[in-house]
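Working notes, beginning with the structure itself.
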Amino acid sequence: MKEKQDKLDRIVLWPKRDFSVRRHHPWIFSGAIANAAPDIAAGETVEVVDVDGETLGYGSFSPTSQFRVRMLSFDPKVVPDARFVEDLVACAIGRRADFFARAETNALRLVNAESDGLPGVVADFYAGWVVCQFTSAGAVFWKPTVVAALMKCVPGCRGVCERADVDVREKEGLPVEPAFAVLAGEEPPALVEIFEGPVKFLVDVRKGHKTGFYLDQRDARAAVGALANGAEVLNCFSYTGGFGLFARACGAKSVTQVDISGEALALAKRNEALGHFCGTEMNYVEADVFQYLRKCRDEGRSFDLVVLDPPKFASAKSQLEQAVRGYKDINLLAMKLLKPNGLLATFSCSGAMTAELFDKVLVGAAQDAKRDFQVVGRTRPGADHPVALSFPEGAYLKGVLLRSVQ
Ligand code: SAH
């Protein structure tokens, strides 16, 4: 161990820039580094020391990223090696044993990057197939080890695939092609069928958003569905139908699914066909939600339940102001479409938008809509998307359930 440690390149932090590492925050920004050995290769493991030479731990080097080092071990005595990374994967899967045992779904996140101790590594499970994203130089460096560990540890694993078409890879200097590759095991079918409680979905693991499905909204879909009995539902930004199909399974009177993507709606219709006929009137609208909400307003339409689950409006703090305007606009319009005592399920997956700021935006929207609301629930991703206490950046997705009180 000692001999190996001596060979590692060293990163020396500026005075006072060691605090966050000591609190086990996994990112070291380029500006925190006082001194780094020259020519450290992408993904190489480095030893991180404070200004006095005390070892704080070990991380993976990303030469082109503002997150220059992502920590893997905060123990000076534990130098990450293949066995260490394999253990991280095995532990992450072990912590999800409940999901496999309860069998309420066969789709879940197995490895949630930084929050499972594996920066830049995401692994999602879809009915036997694992779809990964490797979004940092360190994650790519350890890819073969992670893939082998997944094949070995995931119950019923049929194959491991990769999606490389992730925007953040560019910032890391990593290629975004080929978009899809099978890394081990069998080739998955064109569409993988999964279930979440009573609802079945087809997942396009090759071209679908993220790794194919929004697993992080599982609990929210169930919570919204539970409010939908007998309701006329407007599901904005529906993607492949998630919230709307839960509302249908829970006895909604009608569901209108709105998305700008015809492909997503086509899959939503196929997903509808996987469920039992239950008398819910289903409508599909290919439209820009910003325009469609205005159209509904102009036509004097109203709904019992409106869902707003837009894509990320702000991927950086610099876009926050514009994002706030976007969130306020759709929430204000949706609030005005609610029937008396109607419900609004509204979400933000922009990490730069804090839960407090999102609440403020909603308060502003309610003021302009001239309506009062009660918060009747809040949602967050399920236990397969844990957030490390030392890594608040992991909590990007927030949901608020509002009831109009007039
Ligand atoms: N609620 C979904 C996930 C929504 S993802 C689920 O539970 O699975 C966001 C969706 O918004 C994507 O399908 C994308 O095609 C769509 N979208 C993005 N911009 C849009 C716009 N301006 N109008 C309508 N849909 C939009």
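Over the stretch 48-87, how many percent of alpha carbon pairs lie in each 5 Å bin up to the one with the longest distance?
6, 23, 24, 24, 17, 6, 1
For q values of 0.12, 0.17, 0.22 Å⁻¹, compute log₁₀ I(q)/I(0) with the Debye formula on a Cα-only model of the stretch 107-245, without solvent.
-0.51, -0.93, -1.36
Per residue, how big is the convex hull around the C-alpha atoms of the chain? Give it to me in cubic angstrom, could you?
Value for the chain: 138 Å³ per residue.
What is the antiparallel percent of DSSP beta bridges lying wholly in the chain, to the nearest 5?
65 percent
Of the candidates PRO38, PRO311, PRO340, which one comes out as most mobile in a Gaussian network treatment of the chain with C-alpha springs shorter than 10 Å?
Of the options given, PRO38 has the highest mean-square fluctuation.
Work out the charge dipole of the stretch 96-237 with +1 on the Cβ of Lys and Arg and -1 on the Cβ of Asp and Glu about the Cα centre, then indicate which of ASN235, GLY173, CYS132 is farthest towards its positive end.
Of the options given, the answer is CYS132.
Can you give the helix-only mean residue ellipticity at 222 nm for the chain, where every DSSP H stretch with n ≥ 4 adds -39500 (n - 2.57) and the sum goes over all residues, rounded to the nearest 500 deg cm²/dmol?
When only DSSP H runs of four or more count, the value is -8500 deg cm²/dmol.
Would you mind getting me the FRET efficiency between ARG22 and ARG83? Use the beta-carbon distance for r and R0 = 25 Å, nearest 0.05.
0.45
With the cut-off at 29 Å, tell me which of the pairs LYS143/LYS269; LYS7/LYS317; LYS16/LYS77; LYS77/LYS143 have Cα atoms farther apart than that.
In this structure, LYS143/LYS269; LYS7/LYS317 lie more than 29 Å apart at Cα.
Compute the longest continuous run of the chain that contains no exposed trypsin sites (Lys or Arg not before Pro); treat a site as exposed when its DSSP state is not H, G, I, E or B and it has at most 12 other Cβ atoms within 10 Å.
For trypsin sites (Lys or Arg not before Pro) (loop position, at most 12 other Cβ atoms within 10 Å), the longest site-free span of the chain is 208-369.
Taking R0 as 60 Å, what FRET efficiency do you get between GLU299 and ALA395 from their Cβ-Cβ distance, rounded to the nearest 0.05?
Calculated value: 0.95.
Give the lysines whose C-alpha is closer than 16 Å to that of LYS312, dropping any in the same chain fewer than 8 places away, or say none.
LYS210, LYS328, LYS398
Spin-label point model (7 Å from Cα, Cβ direction): what's the CYS278 to ALA103 distance in nm?
Calculated label separation equals 2.1 nm.
I'd like the per residue volume of the convex hull spanned by the Cα atoms of the stretch 324-406, given in cubic angstrom.
So the per-residue Cα hull volume is 86 Å³.
Between the DSSP loop rule and a limit of at most 15 other Cβ atoms within 10 Å, which GluC sites (Glu not before Pro) in the stretch 1-100 are left?
GLU54
Calculate, for THR64 and GLU186, the FRET efficiency according to 1/(1 + (r/R0)^6) with r their C-beta to C-beta distance and R0 35 Å; round to the nearest 0.05.
Here the calculated transfer efficiency is 0.50.
Counting Lys +1, Arg +1, Asp -1, Glu -1, what net charge surrounds TYR239 among other residues with beta carbon under 14 Å of its beta carbon?
-1
Rank GLU356, GLU104, GLU272 by mean-square fluctuation in a GNM of the chain with C-alpha springs under 10 angstrom and give only the top-ranked residue.
GLU356
Identify which of GLY326, GLY53, GLY377 has the largest mean-square fluctuation in a Gaussian network model of the chain, with springs joining Cα atoms closer than 10 Å.
The residue with the greatest mean-square fluctuation here is GLY53.
Looking only at the stretch 102-261, where both bridge partners belong to it, what percent of the DSSP beta bridges are antiparallel (to the nearest 5)?
Beta bridges within the stretch 102-261, antiparallel portion: roughly 70 percent.
Quick note: the coordinates plus some simple rules give every number you see, no bench work behind them. Everything numeric in this text was worked out from a predicted model, so none of it was measured. Reconstructed Cβ throughout: ideal geometry from the backbone, glycine too, with neighbour counts over all protein chains shown.
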